[in-house]
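Comments concern the structure below.
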Amino acid sequence: MLEKCVDDECSHIEEMDVDSCLTSLTKRKDDSITMPTCIASRVTKLRAEGIGSVCGKLYFGTSEKIPPSELIDTTGAGDAFVGAVLYAICANLPLEKMLPFASYVAAAKCRALGARTGLPYRNNPCLTSFTEDRILNCSSTS
């Protein structure tokens, strides 16, 4: 995920190919950690062939390592991830927490059969480390 910065902040920074930046982030991944994490680059000017360049930070999120005995059904895992990202944006979660949060939600979904069964509720104790006091009150006020 890219967090764009004001272009003026990068006028003095050397450009870096976005693929090279992503490769350097993946090399920093610790395979011994089983829970989702987020690895961020420093603010840099990222260049993509045929697209141009943009100033910002690149974030690389890892997924939870689910033991094969716990993996039931991946149906809806991508939708769960995207839904969690959208929720995190609305709750103003920082990107460093947003990607692990979304990965956790998607992984929880994979531990149950069907697209919705395994989705965690927002009061799930495992989610509080991600959301803290930022849980949205989605109840109707009408």
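The values are calculated or read from the model by the stated rules, or taken from the named source; none is laboratory data. Because the structure is a prediction, the values reported are computed rather than measured. Please note: Cβ atoms are built from the backbone with ideal geometry, for glycine as well, and neighbour counts cover all protein chains shown.
Run down 45, 97 and say which single residue is in a helix (DSSP H, G or I), surrounded by 17 or more Cβ atoms within 10 Å (Cβ to Cβ) and touching a strand residue (DSSP E or B) at 6+ places or on another chain (Cβ under 8 Å). Spell out the reasoning first.
On the way: 45 fails: in a helix (DSSP H, G or I).
Just one listed residue meets the conditions, 97.
The set of residues from the stretch 36-86 being closer than 16 Å to residue 118 by Cα and under 14 Å from the mean Cα position of the chain (by Cα) comprises 64, 77, 78, 79, 80, 81, 82, 83, 84.
Listed here are the residues, each with its yes/no results for (1) loosely packed, with under 11 Cβ neighbours inside 10 Å; (2) assigned by TED's automatic domain parsing to the domain that holds residue 121; (3) closer than 17 Å to residue 127 by Cα.
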{"residue": "10", "(1), (2), (3)": "no, no, no"}
{"residue": "16", "(1), (2), (3)": "no, no, no"}
{"residue": "21", "(1), (2), (3)": "no, no, no"}
{"residue": "32", "(1), (2), (3)": "yes, no, no"}
{"residue": "56", "(1), (2), (3)": "no, no, no"}
{"residue": "74", "(1), (2), (3)": "no, yes, no"}
